[in-house]
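The values are calculated or read from the model by the stated rules, or taken from the named source; none is laboratory data. All values reported here derive from a predicted model rather than from experimental measurement. Every residue, glycine as well, gets a Cβ built from its backbone with ideal geometry; the counts of neighbours run over all protein chains shown.
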Amino acid sequence: MKEWKIKQEVYHRLNTTHKDTLIDKEISLIWEEKDIVNWAIRHWNEKVDRFVYPAKSYCVAICYAKWIERDYGDNFYELLNDPMLLYGNDDYFEVYDKAPHIYDKIISAYPKDENSGMIPDIRGYYEKEIKYDTGININNINKEI
């Protein structure tokens, strides 16, 4: 099993409640491709005042795939095609192969400055979840698997 997946699994088993759940949040659903693309890009460039799906799902998935590729060496597009990239916690997440035309437009607008918009918030969740310090020697686990 990949190191980041082990860390993600341990994190979710130990942390059953999350600050970003949708239980008490206002959400909007949009289905027009141009709106999805525009809202996903807005998430990167400004602090949005509501959860707009599936735009937020695309935004988060692309961020996670970029950072996992950078931190662990996995292939960006293979990550986007992993249905468990977001741990199955996002009902609106679609893999890349189901919507490449949408993903490609959003990916092409990824900002060079990762300190804008919602990116720092997404990065904070990523750091907790994917870079989680398990205290476990991952190499020993992989030898046993």
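For region 15-35, indicate whether the set of residues that are farther than 21 Å from Gly124 by Cβ and buried (at least 18 other Cβ atoms within 10 Å of the Cβ) is non-empty.
Scanning region 15-35 turns up no residue that is farther than 21 Å from Gly124 by Cβ and buried (at least 18 other Cβ atoms within 10 Å of the Cβ).
Enumerate the helices (runs of 4 or more DSSP H) found wholly within region 27-145, keeping only those where 2 or more residues are closer than 28 Å to Val10 by Cβ and at pLDDT 90 or above.
55-72, 76-80, 119-129
Taking the conditions exactly as written (closer than 14 Å to Arg123 by Cα and exposed (fewer than 15 other Cβ atoms within 10 Å of the Cβ)), does Asp97 satisfy them or not?
No; evaluated as a whole, the condition is false for this residue.
Scan region 50-89 for residues that are of a type in the set (Asp, Glu) and surrounded by 15 or more Cβ atoms within 10 Å (Cβ to Cβ) and jot them down.
Selection gives Glu69, Asp74, Asp82.
Please identify the pairs in which a residue from region 1-15 that is over 15 Å from Asp82 (Cβ atoms) has its Cβ atom under 6 Å from the Cβ atom of a residue that is of a type in the set (Asp, Glu) and assigned to a helix (DSSP H, G or I), counting only partners at least 6 apart or on another chain.
Note: pairs meeting the criteria are Tyr11/Glu129.
Taking the residues in region 112-131 that are of a type outside the set (D, E, K, R) and free of Cβ contacts under 8 Å to residues at least 40 places away in the same chain as candidates, determine which candidate is nearest to Asp74 (Cα to Cα).
It comes out as Gly124.
Tally time: how many residues in region 100-135 are over 14 Å from the mean Cα position of the chain (by Cα), more than 15 Å from Ala40 (Cα to Cα) and surrounded by fewer than 17 Cβ atoms within 10 Å (Cβ to Cβ)?
Selection size over region 100-135: 6.
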